[in-house]
Amino acid sequence: MINIGIMTMHRIVNYGSFLQAYGLKRIIENNINSHVELVDYKYEGSLEKDQKKSFWNRIKDNRTVINYVRKKRFLQKVNRQYEFDLRTMGVNGQNYGKDIESLVIGSDEVFNCMQGYPVGYSRNLFGYGYENCKVLSYAGSFGHTTLENLTEENIFFEIKKMMKKFEAVSVRDNNSKFIVEKMGIKNIYKHLDPVLVYDFRQEHKSCNINVENYIIIYVYTGRLSHLEEKYIKKFASRHNKKIVSVCYYSAIADYNIVCNPINVFDYFEKADYIITDTFHGTIFSIKTKAKFCTIIRNSNRNKIMDMLSTLGQTERIVNDLEDIETLFGVEISYNMTNQIIERETQKSIRFLKEYLKNDK
């Protein structure tokens, strides 16, 4: 049995972050005789200056004091539940993987240097400090970081030197693949996010859902514009639907839900429609064969566009707010998408087996 560490963004309070970490851990455990643990990285700071907002500016962002207080209380509840869920996955205090023999970096935006706290530009995420281990990545992403960003920040060659030591590099989008290719790295692979690859039904226990005739908005707290909120409220009213927000707080939601991350699939499966602007919200929709539409943001354009293209679902992109209404009336065929996921799942398992096998 070998000791394998996964270095990812599992402590970020985000159901997608949790499930991709959980899924990758279980994929490795199910296919390789190993002990798998989640490994922390040391945050070294952000390349971009984080702008701290004053109390009154935060109130202004939330439009009313009452809404600000409700959001704060909700997020506190989410944080408490998330800490409990991490403990069930064996995550407690900080773990820097002193005894691991192999380190898998990813998935998620582990290479996205241009994001702020708690990721930023942290060299552990490029294998620094783990030179005595076998290091590889799985479905890692540079997110919205571009080759130009790395060059302008004078970190391209430092990252190249670190990634050249990887046994193999697996990414999940073409922007990331392009950057790594420019580093002259040869062993580059492209794989699906673990949430698409892993079959969560193996341990899934259904939860009771006490709401019917609802749509889900799976959108980061505060990211919907006032115009988008207004349109979605009218859309829901027109179709006599309740609005449910899972994990994130929304002032326009009839129900803001906190649940075990695995139970997010229950809410998506029983929803009449999903409106999301996140990568994993799109994946949850596809995973549950739900009717959905995805609003693309500049911060996630690279990874979402690439994933939808790979799975043959680019027609679900919202280019104009009216597309939310239009796509609600269009059924989705998942036949081809499911075939692609099955093929890519086998490819992912072969990759992990090949590079994580015990050579001793």
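Worth a mention:
- In this structure, Phe74 qualifies as over 29 Å from Glu158 (Cβ atoms), among the aromatic types (Phe, Trp, Tyr) and either modelled with pLDDT under 95 or surrounded by 13 or more Cβ atoms within 10 Å (Cβ to Cβ) (or both).
- Look at the stretch 324-351: where a residue is touching a residue at least 40 places away in the same chain (Cβ under 8 Å) and a partner is open to solvent by 70 Å² or more (accessible area, probe 1.4 Å), sitting 6+ places away or on another chain with Cβ atoms under 7 Å, you get Tyr334/Lys289; Phe351/Tyr189.
- Within the stretch 163-187, residues that are within 17 Å of Leu125 (Cβ to Cβ) and among the acidic types (Asp, Glu) reach partners that are part of a strand (DSSP E or B) and open to solvent by 30 Å² or more (accessible area, probe 1.4 Å) with beta carbons closer than 7 Å, at six or more positions or on different chains, in the pairs Glu167/Lys134.
- Just one of the listed residues (Asp306, Asp323) is acidic (Asp, Glu) and open to solvent by less than 30 Å² (accessible area, probe 1.4 Å), and it is Asp306.
The values are calculated or read from the model by the stated rules, or taken from the named source; none is laboratory data. Every value quoted in this text rests on a predicted model; they were computed, and no experiment measured them. Heads up, the Cβs are rebuilt from the backbone with ideal geometry, glycines too, and the neighbour counts pull from every protein chain shown. Each accessible area value is taken on the protein alone, full model and side chains, heavy atoms only, with ligands, DNA and RNA left out. Shrake-Rupley method; radii C 1.70, N 1.55, O 1.52, S 1.80 Å.
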